[in-house]
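What follows is a set of notes on a single structure, which appears directly below.
The values are calculated or read from the model by the stated rules, or taken from the named source; none is laboratory data. Note that the coordinates shown come from a computational prediction; the quantities given were computed from them, not determined experimentally. When we count neighbours, we look across all protein chains shown, and the Cβ atoms used for this are built from the backbone with ideal geometry, even at glycine.
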């Protein structure tokens with residue numbers, strides 16, 4: 001029987017799960033987004049976990065033994081290890097590359113980055129999408145690092161031990177100018193109440209000491225293009241943070257054409 005390398009994948013969107021697989025990342029992303037009858041539409045975001053990672057919360061060794069199709073030359077596509085409270089039991093040090101999968105199965109791998117300096121811009125209202133395990137849309141006066149710390153260490157009612165999140169590319173200043181000019185505001189995000197969006201932005205802009213304001217209790221990631229993502233993706237556990245930078249569009253077009261075409265066409 002042909003040997004296939006085994007992988008551990010942490011699915012972060014649309015559901016949360018730890019999965020063993022004999023598929024390589026590109027194949028896994030395509031299978032999970034368009035090749036599986038269990039999930040047949042929408043984006044998928046997952047990260048590879050160090051195959052040597054162990055935590056007593058997971059029966060990793062037991063499920064890795066079962067990660068074999070039993071058919072010569074055919075890899076085992078997925079073997080779910082856990083689907084509940086997964087992220088909080090995975091150490092950030094064990095998480096490796098992040099993969100963004102489009103609705104038509106194109107996969108972009110993002111290596112971890114250590115450079116956060118460009119995001120430390122004071123007095124700026126940001127719109128964050130919490131992705132896993134929470135899925136709130138939140139406006140905040142905090143920069144990405146401080147936001148991650150706040151959610152994982154200081155927020156009791158709307159926090160989590162670890163959080164995976166991104167920032168939407170929303171020009172708050174321009175939105176406020178339009179509000180002043182027309183006395184009306186249309187939200188730049190789909191399925192978000194315009195009145196609530198307006199009130200949240202004005203409240204944060206008027207009080208720089210206020211940290212967060214919830215805009216929506218449900219995510220809008222599946223209704224919006226990856227092109228609307230600003231900077232990239234973060235994962236936080238208190239002061240420990242991972243950042244995966246999203247390359248600029250020209251770099252995506254040059255080096256990741258099929259993914260770029262799927263997102264920007």
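Summary of values
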{"item": "For residue 230: the one exception among (1) in contact (Cβ under 8 Å) with a residue 40 or more places away in the chain; (2) within 16 Å of residue 43 (Cβ to Cβ); (3) not in a loop (DSSP other than H, G, I, E, B)", "result": "(2)"}
{"item": "Selected residue (criterion: nearest to the chain's Cα centre (by Cα)) from residues of segment 120-147 that are within 17 Å of residue 89 (Cα to Cα) and surrounded by 20 or more Cβ atoms within 10 Å (Cβ to Cβ)", "result": "131"}
{"item": "Which listed residue, of 117, 83, is modelled with pLDDT under 95, out of contact with any helix residue (DSSP H, G or I) (no Cβ under 7 Å at 6 or more places or on another chain) and more than 17 Å from residue 43 (Cβ to Cβ)", "result": "117"}
{"item": "Failed item, numbered, when residue 213 is tested on (1) part of a loop (DSSP other than H, G, I, E, B); (2) in contact with a strand residue (DSSP E or B) (Cβ under 8 Å, 6 or more places away or on another chain)", "result": "(1)"}
{"item": "Residue count, segment 97-108 (criterion: surrounded by fewer than 17 Cβ atoms within 10 Å (Cβ to Cβ) and at pLDDT 95 or above)", "result": "1"}
{"item": "Criterion: under 28 Å from residue 256 (Cα atoms), in contact with a helix residue (DSSP H, G or I) (Cβ under 6 Å, 6 or more places away or on another chain) and surrounded by fewer than 16 Cβ atoms within 10 Å (Cβ to Cβ) - qualifying residue of 93, 50", "result": "50"}
{"item": "Only listed residue being on the phi > 0 side of the Ramachandran plot and within 17 Å of the chain's Cα centre (by Cα), chosen from 109, 105, 73", "result": "105"}
{"item": "Per-region count, segment 65-78, residues surrounded by fewer than 15 Cβ atoms within 10 Å (Cβ to Cβ) and either under 16 Å from residue 29 (Cβ atoms) or touching a strand residue (DSSP E or B) at 6+ places or on another chain (Cβ under 8 Å) (or both)", "result": "1"}
{"item": "Residues being buried (at least 19 other Cβ atoms within 10 Å of the Cβ) and free of Cβ contacts under 8 Å to residues at least 40 places away in the same chain - total across segment 233-265", "result": "1"}
{"item": "Flag for residue 213 being over 24 Å from residue 112 (Cβ atoms) and modelled with pLDDT under 95", "result": "no"}
{"item": "Criterion (closer than 15 Å to residue 234 by Cα, surrounded by 15 or more Cβ atoms within 10 Å (Cβ to Cβ) and in contact with a strand residue (DSSP E or B) (Cβ under 9 Å, 6 or more places away or on another chain)) met by exactly one of 151, 60, 81", "result": "151"}
